Amino acid sequence: MTATKKFPLVFIIFFVVSSLGYLQAQTFSKDILQPGTTAQIDTARLLSDIPVKSPWGAVLRSAVLPGWGQLYNHKYLKSVVAFSINGLWGWRIVYYQHKWRETHKKVFRDRRNDAYWYFGITYLLTLVDAYVDAYLFGFEDAMRLTWKPMPHSSTPVLTIEWRLN
């Protein structure tokens, strides 16, 4: 089976697995982050400098398989997007390498080299995103920023709300 035929199969398998993980994690995240449950994460811990999830663990997961770190951070759509974009650039590298070896045309070599650069950039951005999401995991549940207009003024006001448990 050639590399061009393997890519859609790998993407479909990853999509199915991540979808199953999403369904399972929906109940898990509701149990952990909802008020009134015994497994609720403490707001003071969320607002401290100690992350709830391991940022470097998320980075290592994304380094092994792009999108796995986002899956670890419960960012399921980001996981599928990261895997798809990195997979697309990887597929383009293989495709243009194959075309260049067949034809020895400079245009295919240049496109392959561009695909290497784009893959590297998206790969690094995937790692950075996994780190940031892990470090800020649960922060949006402890603090909400909203814009509200003042009752008798046209000036918007930034409101900060936080829960103390």
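Output the qualifying pairs, or none if there are none: Cβ atoms under 6 angstrom, residues six or more apart or on different chains, first residue in the stretch 106-135 and in contact (Cβ under 8 Å) with a residue 60 or more places away in the chain, second residue hydroxyl-bearing (Ser, Thr, Tyr) and in a helix (DSSP H, G or I).
126/62; 127/62; 130/62
For the stretch 1-117, please list each of the helices (runs of 4 or more DSSP H) lying entirely inside it that holds at least 2 residues being basic (Lys, Arg) and modelled with pLDDT of 95 or more.
Values: elements: 3-33, 43-47, 55-64, 68-72, 76-103.
Passing ranges, in order: 76-103.
The values are calculated or read from the model by the stated rules, or taken from the named source; none is laboratory data. Please read all numbers here as calculations on a predicted model, not as lab measurements. So basically every Cβ, Gly included, is an ideal-geometry build from the backbone, and we count neighbours across all protein chains shown.
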